[in-house]
Every structure is written in structure tokens, then in C-alpha cells.
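The values are calculated or read from the model by the stated rules, or taken from the named source; none is laboratory data. Computed from a predicted model, the values in this text were never measured in an experiment. A quick note on method: Cβ atoms are made from the backbone with ideal geometry, for glycine too, and the neighbour counts reach across all protein chains shown. Protein only, heavy atoms only, side chains kept; ligands, DNA and RNA dropped before computing areas. Shrake-Rupley method; radii C 1.70, N 1.55, O 1.52, S 1.80 Å.
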Amino acid sequence: MPETRKPTPVKAPLLEVRDLKTWFPIKRGLFSITDGYVRAVDGISFVLDRNETLGLVGESGCGKTTLGRTLLGLEQATAGDIVFDGVSIPTLGRRQMNRLRRHIQVVFQDPLSSLNPRMNVMDIVTEGLVQFGMVEGSKQEHAARLLGEVGMNRDAIYRWPHEFSGGQRQRISIARALSLKPDLIICDEAVSALDVSVQAQVINLFLKLQKDHRLSYLFISHDLSVVSNIADRVAVMYLGQIVEFGNTADIVRNPLHPYTRALIAAVPVAGGKHIASDAVRGEPPSPASPPEGCRFHPRCPEVMPVCRHTAPNVMEKDGHQVMCHLYSQA
Amino acid sequence: MIAPLIDIQHLSVRFDTDEGSFHAVDDVSFSIGRGESVGLVGESGCGKSVTALGITRLIPSPPGHISSGRILFDNMDLLLQKPAVLRQVRGAAISMIFQEPLSALSPLHRIGRQMVEGIRFHRDVSNKEAWAYAREWLSKVGLPDAEERMYAYPFQLSGGMQQRIMIAMALMLSPSLVIADEPTTALDVTTQAQIFSLIREMKQNDTSLLLITHDMGVVWEMCDRVSVMYASRIVESGSRQDVFNRPAHPYTTGLLAAIPRLSVDKTRLQAIPGQVPSPFDYPRGCHFQDRCEHVFDVCRENTPELRSVGEGHFAACFLYRGEDARNA
């Protein structure tokens, strides 16, 4: 099928996010007076190139899902800019946004709740094509081709989502995301609910599809081990901010931020060293009232006096960007 | 040999549903010694949780029922006991920690009241004594402001705190066996690490632990011995070192290879091809046959039994049975 979009200049990044903020107001009382904000995404900037995978790692409540939803236009950005393929997303009207949606697709964690139980597989994977008037020839052929891409048999097209296992359903979600030939797929915990043996299959599928279609992924996950197998670069999020950003190899070999180190140290590795019992202390504070100074300081094993009152800036160190006072004196 | 604390012999659990009948647990045997930590590991649907529910006689019936087997706990067959006896055993001698503390705790009652109820059901103490005892345990599991937490409702606490409370409730009556079913799966890794060290610290030396999980890393972290389940059967069991360093069953080997590890570049993972068969049509013979690279004709005919492949190390696989058995 001919690709109708104009190619953009090679140099320009596919996606650029500048100082993005997504805050949710906390309403209280009879008159719904706004009483503070949950700062789910609080000043995030990054660039994602074509054919590149950015892994976004963080624990529950760190804002990684809200960031993904804001990029998809499912949440309204409070401030900042999202430039996709040269177009600023927050300035778009609804119709323009709907047209753009073709190019940014999403795969969610739970395929059973993201696949319509009353639609058969053919209708699910071709729904977008119908919506955008892109069906040439029969729907069956389109559906069979898409299912082939994700390693499924064409006799699945008249079956229903509930008839499939978790891994198969996730393949259907991926086929649907692929149908509109997107440039960017946002994968929000896309393999987290799958069993290990199936998870490996789906990760391999993501890698293959990227090669075949020059896709970019924003791969959101709580699991740094999974992310490190699929991402070119990794951003570590804590309480609404990116605290460390760099090439996967650099982050894995030489994690700089104490939080990144804690994340790595806390993962149990089969056959590896045991986890030190003091790997991390405390629990993440509420994003409605983040601690003063560095947001990680109440849990940080290397906390210094300055961390308690002054928020660190982003520093360049050993080829990564890190937001930590440990590296500001040098 | 000293008798184990609990000895599960040939346990089978059948479910009869509208779509048909199937065995969720098929001829499962294992034992746990006093003070020992045993992991039961497998993917979703393999029957590991049903095994745990079988031990505590909590399988919802209908549709499920234990179709055969014996569960010897302290020389008493749990399968022959009356409900009144089982109620005394559950919560006191055998306690459980579930994956979702929010669904295991009552949403309508304050933490303190729930704990006191448990204590007074099993111990003849006054309300006041039980309250003080519960509060003491909340401090022990590392909850700050224990007195205040006693008045909290579960939804007011974070997942990590809820799980700490579950651990306090599971351990406060000094059980001889704690069954933990995916106790850290719903938690963040940093919280998980804290819960691990808590369980290790709090578990008294003669308390045994049955840890049910899908995560091989968690088993490595917490257990002395491990049994690997696949599609309703135990396919391998042995010491932690044997199973992880010298896996015998092709499924265990594949599972260990498929775990994503920290990697410095994009690498294809070694997936196990195919998918777990549906319990309604488990194949005849070995349940792993269609995903196994070594499959023989005999695997499609006969069910391999657990046989010794080393000292204290067992695998249910015809690979280790020699030519004669395979061609039989």
C-alpha cells in the first residue's frame, strides 16, 4: 500500500517533549474549591527519534502512565509543549488531533479490558482502518495480513477476544496498533501482565516489528530488566520528574542517581546475589505534596543537607543526565 | 528421617464447570520440613494457588473439589477433618498471606478490630490484651504510629502498609506454617525488597513457609527448596541451587532462560515457543510435549513420573529415563 505522508527532514526528532506538566486539581468542599494539585507529570523534557525506543521506568504513582496519556491527548497538558513530527499537539483542535491519532498508537497492559468483547478479531484490528477510510479490498485480507504480522493464524479473524490467552490477546492489541501504520507506539506496561515464557515472545515481537516498520516506541514499565532488553535509551521517573536519562548501556552499567541504583539493587535476580535488606527505605510520598528540595531525599541513602531544601537541577555526567546534588560540586 | 511438618501426597483437585471438567491440580506431592521455606513456582493457571487453597481446604465448592490425595499436617489428615477443626487450624497453625491485601482485609472494619477478632478467635484473652498485642505487632512489622493505624481503614493505607498488616496478622499467632500466595506481586520492587526482609526477620526459626509465586527471582531470594509446576503437575523439584543451576526439566530450563535480565543492549529473549494448553484439553502424556524441543513418542503416550536425577532433585521427564523407557 502506498505511504501517502510526506517524509519529514531526516534530522528532526519524531517527538519532542518540553517541560511538560500535567497536574490534576484536588477539589474540596461544597463549591469544589481547588485545594492544591496532584503533580502527576511535573516538568518533563525528552526527545525521541525515529526508529528509537525510549524506556520509561518508575514505580506506581510516579506519573509514567499520565505522561503516556498526555502524549496521546487523553489528558490535557497543564503546561509545556509536545511536538510530534513538527506539529505542536497542545495547540491542535479536536479534528486535527483526531487526524494525528493515526500516527500515535497505544498498547495497554490489560488486553481484555482494551479489546471490545462484542467485536470479533477482524473488526477489532480493522476498526481504525474503517474509521480513517483506509480499507482497500476486503477487511478479511487486511485482518489476516495484520494477524500474520503478529504471528497469529488467519482463522482467528472470526473469533472473540475472550477465546484467547493473555499473550494472544496482547498480539491482537498490537495488530490493531499496527493497522494504521503509526510512527510511534506507546506501550504502557504492555508485557507486565504476561507470564515469563509468553512475555519473552511478545518482547521479541516488538523488536521484530520495530525492524520491519521503523517504529518508535515509548515503552513504559515498572520493570527495568524488561526495559533494558528493548530500549535504546532509558528515562527513570520518580514523583513526576525524570531523575536520570541516558543510553541503556550507561544506565545499566553505571547508574548515577541513588534512586536508579536502588531500583536495580531491589530486583531479585534468579541465581544472582541476594538483595541487601537496606536496598531502599520508606515508601514514595504522595505526588500531591512532594517533599521539599530533592523529592527523593527522605528515602535517599546518600542524602546531604542541601538535598533537604534545594531541588537539584539536571546535570550532565558520564554521558547521562541526572538530577542529583551528588554530581553538582564537581 | 524426621517427619515433615506437612506432607502433601498425590493431591488432585477437579473443577466441574458448565464448559466441562478439568483437573486444576493433578497428582501433586511435596512436603515441607519444620522451619523450611519451599517455593511453588509456575505460570498463571498452572494450579499453584489451587494447591495452596487445597491445603487450607478453601477451594470454592462447587465447582471445585479435592478428588484424591492426603494432606498430613502434624500427623493429622486435613482432608478428613470437620469444618470446626479446620477453623481452629486456619489462622493459627496455618496462616495465609494473599496477593491483594485490599481484598483480604475487610473494607468496613478498622485494622485494630480485624486484628483483635483474629486474636480472640484463637486465644482466650480480653479485648484489651488483644488490642495491645495487635498494636505491638504493627510496630514489629515496621508501621510507624501503630496506635493511630489501629483506627485506620484499609483503603487509607498504601499497598506496602496493607501488606505489612497482612504479615502481622499472619504471623502474630505463631503459626507453624505460613502460606504466602504472591505476597509481593502487587507491590513496587523497592517495597517488595522491604517485605522480603520483613518476612525473613519475622518468621521464627521453626516456622515453615510455602511461597507461591510466578517469579523465579523471588524464589531464589526466599526459598530453600522449590517445586516447579506446569499445567497442573509438578515437573521438577529440588534444592534451590540444583533447580536454578542444574535445571533438569526442559520447562524449567526454558523458564529460566526466558527471564529478562538487565541488559546493556537490545537482545532477543529466549522465549518458550507456543502457549500453555487449555486445562480443558491437556494432551495425553506429558503436558509440556507441544512446547518441548526434546519430545519423544513416549511423551505423547505416557505421563512421566517424578524420578530422581540427583540427590534430592527430581524431574518428571523421559529425558532421564534411558532408551528402554522411551521406546517402551
Over its alpha-carbon atoms, chain B yields an Rg and a Dmax in Å of 21.0, 70
Checked against the positive end of the charge dipole of chain B (+1 on Cβ of Lys and Arg, -1 on Cβ of Asp and Glu, about the Cα centre), the farthest of B:Leu210, B:Leu198, B:Asn302 is B:Leu198
Convex hull around the C-alpha positions of chain A: the volume in Å³ per residue is 167 Å³
From DSSP H assignment alone, runs of 4+ in chain B each adding -39500 (n - 2.57), the sum over residues rounded to the nearest 500 puts [θ] at 222 nm at -9000 deg cm²/dmol
The range B:39-117 and the range A:230-263 have their Cα centres apart by a whole-number Å value of 41 Å
Rounded to the nearest 5, the percent of DSSP beta bridges in the protein assembly as shown running antiparallel is 60 percent
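Taking the Cα centre of chain A as origin, work out the dipole magnitude from +1 charges on Lys and Arg Cβ and -1 charges on Asp and Glu Cβ, in debye rounded to 20.
Dipole of chain A, to the nearest 20 debye: 580 debye.
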With every protein chain kept in place and a 1.4 Å probe, chain B has an accessible area per residue in Å² of 45 Å²
Unpartnered Cys in chain A, judged by a 4.7 Å Cβ-Cβ cut-off, are A:Cys62, A:Cys187, A:Cys300, A:Cys324
Rounded to a whole %, the carbon-and-sulfur portion of the accessible area of the protein assembly as shown at a 1.4 Å probe is 50 percent
Sparse-neighbourhood loop hits (GluC sites (Glu not before Pro), the range A:222-329; DSSP loop; Cβ within 10 Å at most 13 others) -> A:Glu292, A:Glu302
Taking only the alpha-carbon atoms of the range B:1-66, the convex hull volume per residue, in cubic angstrom, is 86 Å³
With Cα coordinates, the longest principal axis of chain A makes an angle with the long axis of helix A:166-178, in degrees rounded to 10, of 80 degrees
Of all DSSP beta bridges having both residues in chain B, the percent classed as antiparallel (nearest 5) is 60 percent
In square angstrom to the nearest 100, the accessible surface buried at the B/A interface, both sides summed with a 1.4 Å probe, amounts to 3700 Å²
Of B:311-317, A:36-42, ordering from highest average Cβ density within 10 Å down gives A:36-42, B:311-317
Taking Cα atoms, the helix A:196-213 axis meets the longest principal axis of chain A at an angle in degrees (rounded to 10) of 70 degrees
In chain A, taking the dipole from +1 charges on Lys and Arg beta carbons and -1 charges on Asp and Glu beta carbons about the Cα centre, the listed residue (A:Asn313, A:Val280, A:His257) farthest towards the positive end is A:Asn313
Farthest towards the positive end of the dipole of the protein assembly as shown, among B:Val235, B:Ser126, B:Ala248 and with Cβ unit charges of +1 on Lys and Arg and -1 on Asp and Glu, lies the Cα of B:Ser126
The range A:15-327: antiparallel bridges as % of DSSP beta bridges, rounded to 5, reads 60 percent
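Which entries of A:Lys21/A:Lys273; A:Lys208/A:Lys317; B:Lys48/B:Lys82; A:Lys273/B:Lys266; A:Lys64/A:Lys208; A:Lys317/B:Lys266 have Cα-Cα distances beyond 28 Å here?
Values: A:Lys21/A:Lys273 39 Å; A:Lys208/A:Lys317 33 Å; B:Lys48/B:Lys82 24 Å; A:Lys273/B:Lys266 24 Å; A:Lys64/A:Lys208 25 Å; A:Lys317/B:Lys266 23 Å.
Correct reply: A:Lys21/A:Lys273; A:Lys208/A:Lys317.
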Interface call, the range A:260-292: threshold 50 Å², probe 1.4 Å, accessible heavy-atom surface of protein chains, chain by itself vs complex, result A:Pro268, A:Ala270, A:His274, A:Ile275, A:Glu283
Computed over the range A:15-327, protein heavy atoms only, probe 1.4 angstrom, the accessible area per residue in square angstrom equals 42 Å²
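In debye to the nearest 20, how big a dipole does the range B:20-81 give about its Cα centre with +1 on each Lys and Arg Cβ and -1 on each Asp and Glu Cβ?
Details: 4 positive and 6 negative charges, 26 e Å.
The dipole magnitude comes to about 120 debye.
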All alpha-carbon distances of the protein assembly as shown, grouped into 20 Å bins from 0, give the whole-percent distribution 17, 47, 32, 4, 0
